[in-house]
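S.K.: Input: one structure, supplied below.
The values are calculated or read from the model by the stated rules, or taken from the named source; none is laboratory data. Please read these numbers as outputs of a predicted model, since none were measured by experiment. Cβ: placed from backbone, ideal geometry, glycine included. Neighbour counts: every protein chain shown.
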Amino acid sequence: MIRKILIANRGEIAVRIIRACAELGITSVAVYTDADRHGLHVKKADEAYYIGPDSQAGYLSVHRMVNLARAAGCDAIHPGYGFLSENPELARRCEQAGIRFIGPRGDVIERMGDKLAARAAMIDAGVPVVPGSEGNLRDVDEALRLAEEIGYPVMLKATTGGGGRGIRRCDSAAELRRNYERVLSEATKAFGSAEIFMEKAVVDPRHIEVQVLADTHGNVVHLFERDCSIQRRHQKLLEIAPSPQLDDAQRAEIGELAVRAAQAVDYTNAGTVEFLLDADGRFYFMEMNTRLQVEHPVTEMITGIDLVQQQIRIAGGEPLPFAQQDVTRRGFAMEFRINAEDPQNDFLPSFGRITRYFAAGGPGVRIDGAVYTGYTIPPHYDSMLAKLIVWGLDWDSLVRRGRRALQDIAVYGVKTTIPYHEQILKTPDFIAGSFNTGFVEAHPELTAYSLKRSSSDVAAVIAATLAAHRGL
């Protein structure tokens with residue numbers, strides 16, 4: 001029985017885990033750096049400890065996290081996502097220290113974090129993969145020879161990459177030559193490894209991922225799929241569960257493939273198996289994320305299953321309380337990533353003080369966030385402020401509710417992606433439930449919106465600004 005959890009993260013995901021702990025009667029322990037002294041996760045946790053001036057000294061330090069967990073009397077660590085969440089060393093150090101790591105074993109994290117090892121495991125398990133190199137590329141000449149064999153376009157990828165980084169599409173030999181050194185540099189800087197491989201580019205695919213849960217007793221289930229096709233430069237903007245683009249036969253097929261993938265690597269805890277769906281209806285394994293996903297709330301909304309609580313229960317040795325046939329879905333859910341970015345200025349980050357904040361509400365609406373009026377967004381971390389999640393009984397009602405919720409939520413003082421999401425929901429292709437990963441590039445007009453404010457809005461912003469300057 002887990003009694004006390006150190007949350008090795010910050011922001012909205014830390015708040016999300018704290019809420020799960022509260023419902024399970026578990027003591028939550030937050031950590032913070034200088035920039036997060038006034039963070040909402042620090043205010044909400046049962047205990048909070050300072051871990052250093054910056055991320056490198058704090059959120060990215062395996063040694064500090066494990067030592068603090070022991071000193072604070074924690075019997076488990078939840079890594080959230082990002083930072084150390086897919087660091088196999090943290091999982092190993094937890095095991096050595098007698099602390100439960102709320103995630104898979106270190107060797108599984110390491111294997112699935114290596115794109116080539118994961119690819120080999122899927123081939124052995126009979127899960128379809130995109131044609132590509134059998135190992136890491138030795139040099140650009142080998143890359144050029146292989147590209148001629150499999151045909152352009154191709155994708156150069158960092159072997160230990162993730163999060164949409166270390167990836168470049170090449171449509172010709174000239175582009176491949178230009179991008180080869182760039183990907184090597186990105187791989188080295190972002191992931192500490194100069195290893196890259198190649199895959200055939202699936203042109204304008206759908207990006208479909210499947211949520212899986214696996215306990216330590218050999219039980220593995222899937223919780224249906226999420227459609228993550230709406231993305232910019234390989235970064236997801238919004239996610240939908242289930243996908244409005246799959247029929248029941250495809251849904252059953254991809255769910256079975258995801259379970260097979262998890263079983264093939266002896267996976268435990270929550271994970272996500274990501275696939276590409278081509279124009280001919282064929283699924284290809286892309287990668288497996290060995291952690292909780294940013295978009296997990298949409299799965300919770302359609303299944304009624306609390307994924308964070310299940311993570312904690314699995315780490316505590318409990319078997320899954322349901323079998324595959326018990327997992328049902330109802331309706332559709334959509335998550336909007338509310339980022340502090342300016343879509344009209346190439347999505348440039350917009351950090352600063354939030355002068356006013358109004359959360360959306362009403363039936364079928366959920367907010368996972370960590371901001372409040374007066375909060376200053378630090379420039380050191382990800383630009384996501386909150387996640388707006390909506391549910392609808394059918395696709396049309398989901399889109400309508402999404403529009404209403406986006407009109408409800410308001411953030412003043414910084415630029416956000418809220419108006420950009422509003423434009424997406426007005427697009428005929430999206431309304432029809434037909435889109436792929438090329439959606440954003442195909443709709444440059446989405447940034448051509450105008451921000452209209454009423455006179456009362458303007459007056460309120462001025463008043464809030466004056467009050468902030470006066471220290472009121």
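S.K.: Would you confirm whether or not the range 156-175 contains a residue that is in a helix (DSSP H, G or I) and touching a residue at least 12 places away in the same chain (Cβ under 8 Å)?
M.R.: First, pick out the residues of the range 156-175 that are in a helix (DSSP H, G or I): 173-175.
Narrowing further to those that are touching a residue at least 12 places away in the same chain (Cβ under 8 Å): 173.
For the range 156-175, residues in a helix (DSSP H, G or I) and touching a residue at least 12 places away in the same chain (Cβ under 8 Å): present.
Residue-by-condition table, conditions (1) modelled with pLDDT under 95; (2) within 30 Å of Arg313 (Cα to Cα); (3) surrounded by 21 or more Cβ atoms within 10 Å (Cβ to Cβ):
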{"site": "Gly162", "(1), (2), (3)": "yes, yes, no"}
{"site": "Gly166", "(1), (2), (3)": "yes, no, yes"}
{"site": "Asp171", "(1), (2), (3)": "no, no, no"}
{"site": "Phe191", "(1), (2), (3)": "yes, no, no"}
{"site": "Ala194", "(1), (2), (3)": "yes, no, no"}
{"site": "Arg226", "(1), (2), (3)": "no, yes, yes"}
{"site": "Leu238", "(1), (2), (3)": "no, yes, yes"}
{"site": "Gln245", "(1), (2), (3)": "no, no, no"}
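S.K.: So which residues in the range 384-404 are small (Gly, Ala, Ser), crowded, with 17+ Cβ neighbours inside 10 Å and more than 21 Å from the chain's Cα centre (by Cα)?
M.R.: Gly392
S.K.: Quick check on this structure: which one of Val221, Val210 is in contact with a Gly (Cβ under 7 Å, 6 or more places away or on another chain) and assigned to a strand (DSSP E or B)? If you could, list the steps in order and put the result at the bottom.
M.R.: Numbers: Val221 fails: in contact with a Gly (Cβ under 7 Å, 6 or more places away or on another chain).
Only one candidate qualifies: Val210.
S.K.: Residues that are in contact (Cβ under 8 Å) with a residue 40 or more places away in the chain and part of a helix (DSSP H, G or I): does the range 84-91 have at least one? So that I can check it myself, show each step before the final result.
M.R.: Taking the range 84-91 as the starting set, the residues that turn out to be in contact (Cβ under 8 Å) with a residue 40 or more places away in the chain are 84-86, 90.
Those left that are additionally part of a helix (DSSP H, G or I): 90.
There is at least one residue in the range 84-91 that is in contact (Cβ under 8 Å) with a residue 40 or more places away in the chain and part of a helix (DSSP H, G or I).
S.K.: Please pick out the residue among Tyr381, Tyr372, Tyr357 that is assigned to a loop (DSSP other than H, G, I, E, B), crowded, with 17+ Cβ neighbours inside 10 Å and among the aromatic types (Phe, Trp, Tyr).
M.R.: Tyr381
S.K.: Kindly provide the set of residues from the range 273-291 that are outside any loop (DSSP other than H, G, I, E, B) and either out of contact with any strand residue (DSSP E or B) (no Cβ under 8 Å at 6 or more places or on another chain) or among the β-branched types (Val, Ile, Thr) (or both), ordered by number.
M.R.: Scanning the range 273-291 gives a single hit, Val273.
S.K.: Here is a further query. Could you list, ordered by first residue, the pairs with Cβ atoms under 7 Å in which the first is in the range 324-340 and in the same structural domain as Asp394 (by TED's automatic domain parsing) and the second is of a type in the set (Phe, Trp, Tyr) and in a strand (DSSP E or B), at least 6 apart or interchain?
M.R.: Arg329/Phe224; Gly331/Trp391; Ala333/Trp391
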